[in-house]
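Okay, so here's the structure we're looking at.
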Amino acid sequence: MVCLGNICRSPMAHGLLQHKVEKLGLAWEVDSAGTGNWHVGELPDKRAMATMKAKGIDISYQNARQIKNSDLDKYDVIYVMDISNLANVQRLATNPQQLQKITLMMNEVPNAELKEVPDPYFGTDNSGFEQVYKMLDAATDKVIEKYK
Ligand code: 4NP
């Protein structure tokens, strides 16, 4: 799960998918990272943690990190939150095998209203995080259905 800062959208996607994977007892490795390095080592944004906690999912175990080329070998699927993330991760790829793993998260949801998960970081309240939660809840359901 990849976004820009790895403190808002991708930690929520990571937490949601991890939660569902554990509930189903699937042996999947889930992780997240940012394309940028500004927040490396930080906890998720307080608003992201609060939104998730209200749904019964703890993401306080996560620490932000920056995506690296070897992630594109280690993981089978690389989900990016928006088109800017897509371009940045594609630029990091060094072979066609890596490139073909990279896809927009919302591509998993047929007829999704928005194909990009909007960045909630600069919003003044929690409503952006609620919207992100709803979108990622739907998308991670589809990921489970597809690969379980
Ligand atoms: P994220 O949100 O990419 O969903 O983690 C952001 C977090 C931080 C910044 C931008 C987006 N920032 O500019 O610091």
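A few remarks follow.
- When the criteria are applied in full, GLN90 fails the requirement of being more than 16 Å from the ligand (Cβ to nearest atom), polar (S, T, N, Q), open to solvent by less than 30 Å² (accessible area, probe 1.4 Å) and not in a loop (DSSP other than H, G, I, E, B).
- Number of the exception - HIS14 against (1) near the ligand (Cβ under 7 Å from one of its atoms); (2) closer than 9 Å to GLN62 by Cβ: (1)
- Number of positions in the range 40-87 that are without any contact (Cβ under 8 Å) to a residue 40 or more places away in the chain, surrounded by fewer than 19 Cβ atoms within 10 Å (Cβ to Cβ), within 14 Å of the ligand (Cβ to nearest atom) and not in a helix (DSSP H, G or I): 5
- Selection of the range 2-39 for residues being within 17 Å of MET81 (Cα to Cα), hydrophobic (A, V, I, L, M, F, W, C) and not in a loop (DSSP other than H, G, I, E, B) yields VAL2, CYS3, MET12, ALA13, LEU16, LEU17, ALA33.
- In the range 120-130, the residues that are open to solvent by less than 50 Å² (accessible area, probe 1.4 Å) and out of contact with any Lys or Arg (no Cβ under 6 Å at 6 or more places or on another chain): PRO120, GLY123, GLY128
- Residue within the range 123-143 that is outside any helix (DSSP H, G or I), small (Gly, Ala, Ser) and within 14 Å of the ligand (Cβ to nearest atom) present: yes
- Each residue in the range 93-119 was checked for being open to solvent by 50 Å² or more (accessible area, probe 1.4 Å), hydrophobic (A, V, I, L, M, F, W, C) and in a loop (DSSP other than H, G, I, E, B), and 1 of them qualify.
The values are calculated or read from the model by the stated rules, or taken from the named source; none is laboratory data. Given the structure is predicted, the values throughout are model-derived calculations rather than measurements. Cβ: placed from backbone, ideal geometry, glycine included. Neighbour counts: every protein chain shown. Just the protein is used for accessible areas: all its heavy atoms, side chains included, with ligands, DNA and RNA removed. Shrake-Rupley method; radii C 1.70, N 1.55, O 1.52, S 1.80 Å.
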